[in-house]
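Undergrad: I am attaching a structure below and will ask some questions about it afterwards.
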Amino acid sequence: MKATARAHTNIALIKYWGKRNESLILPTNSNLSVTLDGFSTETTVHFQEDLKKDIFLLNEQNVEGNALEKVAVFLDKVRALSGKELYAQVQSVNHVPTAAGFASSASGLAALAAASAKAIGVSLNDTELSKLARQGSGSACRSIYGGFVEWQMGEREDGADSFAVQVADKSHWDIRIAAVVLSKTTKKVSSREGMRRTVETSPFYAGWLEQTPKDLQEIKQAIAEKDFEKMGSIAEANCLRMHATTLGANPPFTYWQDTTMRVMQTVQNLREKGIPVFFTIDAGPNVKVLYLSEDEDKVKKRLQSIEGVEDIIVSKPGSGISYL
Ligand code: DP6
């Protein structure tokens, strides 16, 4: 009744931004990400007869409160699937090069889904595992797969057709994704709260919903053709549109900080000098920068020189779930 799984985190090129069903975690738009080899979570789940409640250790520290509650609520779904009423000890280790707010719910919930299903003895294929992980955190459903991954929103209200599929394997395209770590980050609005507030109150949200399916179609074509300029410009525009919706929310908010803007401007300057480089940003101030391997030295050097940038962590497209 014990299993260990590893999952990598992912960065969305077409964002998931809004839910049509909060409890099943069903999105309002299909979206697409690339799995990153530089950030992963390794989770061991051990169901035991003698436990009176779930226990959660993260990086060897005992965790209580909301984070434990999220794990326990998720394990309830796994218990319901298996019909077994056993509590578990969950041990997670985040492999994140620096402690800079990059610990992701995507790799965490994907690893938890895989390890807990295996430990309790329910055998799930990748599609079923993706649907299970989705109910822990939406973006986690994409981390079941490596490479380029689409989360198809589905149409059904029970979520049976809302899961991720691989669009292209990690070996398809050897691009680079640099995570730019900022030295100071203030407390953010969680992605969960941010997307809820935006869906409910932002008049710009309708524009987001109108454009995003077109972005998704085009980026899939760009990935298939390995057209880097096309892929990067669609991803950057889609990111800016997502962040624009937050400025229209009530109360309005933004995830950007001064250094976020400096990184964005640097990327645009590099592009003016003829280097194909693009950015994307999730629900936080850190920026991910996309470029080709031959431009690594120039891009890294320029990003490192920006005031307020602490570190640059470079990833390639990474792999999906594995069992240890
Ligand atoms: C901005 O997957 O963290 O990173 O489903 O509420 O757990 P919940 O949200 P989460 O949201 C990620 C939002 C995003 C865009 C993306 O990853 O597609």
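Undergrad: Kirkwood Rh, the stretch 120-204, all Cα pairs: how many Å?
TA: After inverting the mean inverse Cα-Cα distance, the result is 15.6 Å.
Undergrad: Okay, next question. Over its Cα atoms, what ratio of radius of gyration to 2.2 N^0.38 Å does the stretch 184-244 give? Write out the running numbers ahead of the final one.
TA: Details: Rg = 14.1 Å, N = 61, 2.2 N^0.38 = 10.5 Å.
In units of the globular-protein estimate, the stretch 184-244 measures up at 1.35.
Undergrad: A 24 angstrom limit on the alpha carbon distance is what I want to check against. Which of Lys170/Lys230; Lys188/Lys301; Lys220/Lys301; Lys220/Lys273; Lys214/Lys300 exceed it? Spell out each step's value before the answer.
TA: Working: Lys170/Lys230 19 Å; Lys188/Lys301 28 Å; Lys220/Lys301 31 Å; Lys220/Lys273 27 Å; Lys214/Lys300 32 Å.
Too far apart for the 24 Å limit: Lys188/Lys301; Lys220/Lys301; Lys220/Lys273; Lys214/Lys300.
Undergrad: Show which lysines lie in cross-link reach of Lys52 when reach means a straight Cα distance below 26 angstrom and same-chain residues fewer than eight apart are skipped.
TA: Excluding near neighbours in sequence, the set is Lys2, Lys70, Lys77, Lys84, Lys118.
Undergrad: Kindly provide the helix-only [θ] at 222 nm of the chain, computed as the sum of -39,500 (n - 2.57) over DSSP H runs of four or more divided by all residues, to the nearest 500 deg cm²/dmol? Before the final figure, lay out each step's value.
TA: Numbers: 8 runs with 119 residues, N = 324.
Counting only the DSSP helices, I get -12000 deg cm²/dmol.
Undergrad: Here's a follow-up. For the stretch 262-324, list log₁₀ I(q)/I(0) at each q in 0.12, 0.16 Å⁻¹, using the Debye formula over Cα point scatterers of equal strength and ignoring solvent, two decimals each.
TA: Log10 I(q)/I(0), no solvent term: -0.34, -0.56.
Undergrad: Bins of 10 Å, beginning at zero and ending with the bin holding the largest distance: percent of Cα pairs per bin for the stretch 2-172, please.
TA: P(r) over the stretch 2-172, rounded to whole percents: 11, 41, 35, 12, 1.
Undergrad: Using only alpha carbon positions, build the gyration tensor of the chain, then give the equivalent ellipsoid semi-axes as the square roots of 5 times its eigenvalues, largest first, whole angstrom.
TA: Numbers: eigenvalues 203, 90, 76 Å².
Each semi-axis is the square root of five times an eigenvalue, giving 32, 21, 20 Å.
Undergrad: What helices does the chain have that are whole DSSP H segments, at least 20 Å long along their own axis by Cα, and with mean Kyte-Doolittle hydropathy of 0.0 or more?
TA: 65-82, 105-120, 228-247
Undergrad: Would you work out the relative contact order for the chain, in percent, from Cα pairs under 8 angstrom that are 6 or more residues apart? Don't skip to the answer; put the middle values down first.
TA: Working: 717 pairs, mean separation 79.2, N = 324.
Once normalised by length, the contact order is 24 percent.
The numbers here are math on the coordinates, done by the rules we state, and not lab data. Bear in mind the structure is a predicted one, so any value in this text is a computation, not a measurement.
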